[in-house]
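J.: Take a look at this one; I'll ask things after.
The values are calculated or read from the model by the stated rules, or taken from the named source; none is laboratory data. From a predicted model like this one, the values you see are computed outputs, not experimental measurements. Note that each Cβ is placed from the backbone with ideal geometry, even for glycine, and that neighbours are counted across all protein chains shown. Areas reflect the complete protein model, heavy atoms only, side chains present, ligands, DNA and RNA absent. Shrake-Rupley method; radii C 1.70, N 1.55, O 1.52, S 1.80 Å.
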Amino acid sequence: MKFAVVRFPGSNCDADAFAAAEAAGAAATYVWHRSTDLEGADVVVLPGGFSYGDYLRAGAIARFSPVLRAVAAHAAAGRPVLGICNGFQVLCEAGLLPGALVRNAGLAFVCRQVAVRVETDATPFTARYRPGQVLRMPVAHGEGRYVADEATLDRLEREDRVVFRYAGDNPNGAMRDIAGITNEGRNVVGLMPHPERAVEAALGSDDGAAVFAMAAVAAGV
Amino acid sequence: MRRFRARVRVMPRPSLLDPQGQAVAHALGELGFRGVAAVRVGRTVELTLEAESAEAAREGALAMCGRLLANPVTEDFALDAVEPA
């Protein structure tokens, strides 16, 4: 069982994702954005940060990195891909997930613990949770407001593809309180909150640990 | 090859909340400017292009808008006149 954590220039949650994967009992490796070799990893993580300085739009430049070709192939093969925060933005820009993430409604960068409800257990990253379970995880973003057209939002809900929703306090004005979604194949998940920063009680919460533990089970390793 | 300058204007979709525009409108009001009904904030991208003709430069710029310069989910773009640089 192996995680590949992609590093872009400006990634800053790569070490946290790496540590969370190891804490879940998996092996982990870093893959530089210029590489197209995922080194046989079972799970790919696109970590948080400010890839390419968020120039133009968050994730807009990163999505043309060579590594994204390998990530797209990994996703197309039905294998697990997790995009956290900036990684979620990259997945949306790359068209691997629908919709987009834009400037927070309140304009301010929000950095605090929020309550996030698990809406579905039918993804590799939430299979170890109960639907309806509320997790404490931090958010840290300036552009985390999830938007999509009404038809897309309706479809996401109809197909049980809203994976996480803000429970109560919506920190960024995301449409329908959406904090995370999955693709049609249910193997690609993106979310704005940081489960990798909530993997032990000393960090304020360990509610995010099972995101990484479950990926191990789903990959069948 | 000749050089052309193309200016692309990228604006958030009218249907989307534009908090930057709202904040600027509020600040203008605070400064005493009256009659500001609405403000929207977008971005301008200036491209200097090498191409055989203005038409070719224009086609190139449009392709760049669709691929990278604007996000079709959240933004509209307009390509202003393409002129010799």
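J.: Got a number for residues in the range A:1-42 being open to solvent by less than 20 Å² (accessible area, probe 1.4 Å), touching a Lys or Arg at 6+ places or on another chain (Cβ under 8 Å), under 14 Å from A:GLY87 (Cα atoms) and in contact (Cβ under 8 Å) with a residue 40 or more places away in the chain?
T.: Total satisfying the criteria: 1.
J.: Also, I was wondering about something else. Please give the number of the condition A:LEU107 fails out of (1) of a type in the set (A, V, I, L, M, F, W, C); (2) at positive phi; (3) in a strand (DSSP E or B).
T.: If we test A:LEU107 against (1) of a type in the set (A, V, I, L, M, F, W, C); (2) at positive phi; (3) in a strand (DSSP E or B), just (3) comes out false.
J.: May I ask you to list pairs of residues, at least six apart or on different chains, whose Cβ atoms are under 9 Å apart, with the first in the range A:162-181 being under 12 Å from A:ARG117 (Cα atoms) and among the basic types (Lys, Arg) and the second being in a loop (DSSP other than H, G, I, E, B) and open to solvent by 20 Å² or more (accessible area, probe 1.4 Å)?
T.: A:ARG165/A:GLU119
J.: Here is a further query. Just to be sure, is A:SER51 among the hydroxyl-bearing types (Ser, Thr, Tyr) and under 20 Å from A:VAL189 (Cβ atoms)?
T.: In short, yes.
J.: Filter the range B:47-85 for residues that are touching a Cys at 6+ places or on another chain (Cβ under 8 Å) and either away from chain A (no Cβ under 14 Å) or polar (S, T, N, Q) (or both) and give the result.
T.: B:LEU79
J.: Could you check A:THR152 against (1) crowded, with 21+ Cβ neighbours inside 10 Å; (2) within 14 Å of chain B (Cβ to nearest Cβ); (3) of a type in the set (S, T, N, Q) and say which number it fails?
T.: The single condition A:THR152 does not satisfy is (1).
J.: Got a sec? Which of A:GLY59, A:GLY87 is part of a loop (DSSP other than H, G, I, E, B), more than 21 Å from A:GLU200 (Cα to Cα) and either touching a residue at least 24 places away in the same chain (Cβ under 8 Å) or open to solvent by 40 Å² or more (accessible area, probe 1.4 Å) (or both)? Walk me through it before giving the result.
T.: Values: A:GLY87 fails: part of a loop (DSSP other than H, G, I, E, B).
Only one candidate qualifies: A:GLY59.
J.: Run A:ALA122 past the list (1) outside any helix (DSSP H, G or I); (2) among the aliphatic types (A, V, I, L, M); (3) buried (at least 19 other Cβ atoms within 10 Å of the Cβ) and report the number of the one that doesn't hold.
T.: (3) is the only condition that A:ALA122 fails.
J.: Please specify each residue of the range B:9-45 satisfying the condition of being of a type in the set (Lys, Arg) and in contact (Cβ under 8 Å) with a residue 24 or more places away in the chain.
T.: Result: B:ARG9, B:ARG13, B:ARG40, B:ARG43.
J.: Still on this model: Considering only residues that are more than 13 Å from chain A (Cβ to nearest Cβ) and either part of a strand (DSSP E or B) or within 15 Å of the chain's Cα centre (by Cα) (or both), which ones fall in the range B:15-46?
T.: Selection gives B:VAL39, B:GLU46.
J.: I'm checking my understanding of the structure. Among residues of the range A:125-136 that are in contact with an Asp or Glu (Cβ under 6 Å, 6 or more places away or on another chain) and open to solvent by less than 70 Å² (accessible area, probe 1.4 Å), which one is nearest to A:MET175 (Cα to Cα)?
T.: In this case the residue turns out to be A:LEU135.
J.: Oh, and also: Look at A:GLY142 and say whether it is more than 20 Å from B:PRO72 (Cβ to Cβ), surrounded by 16 or more Cβ atoms within 10 Å (Cβ to Cβ) and within 13 Å of chain B (Cβ to nearest Cβ).
T.: Considered against the rule, which asks whether it is more than 20 Å from B:PRO72 (Cβ to Cβ), surrounded by 16 or more Cβ atoms within 10 Å (Cβ to Cβ) and within 13 Å of chain B (Cβ to nearest Cβ), A:GLY142 comes out as yes.
J.: Looking at this structure, is B:VAL41 in contact with a helix residue (DSSP H, G or I) (Cβ under 6 Å, 6 or more places away or on another chain) and within 26 Å of A:ARG176 (Cβ to Cβ)?
T.: Answer is yes for this residue.
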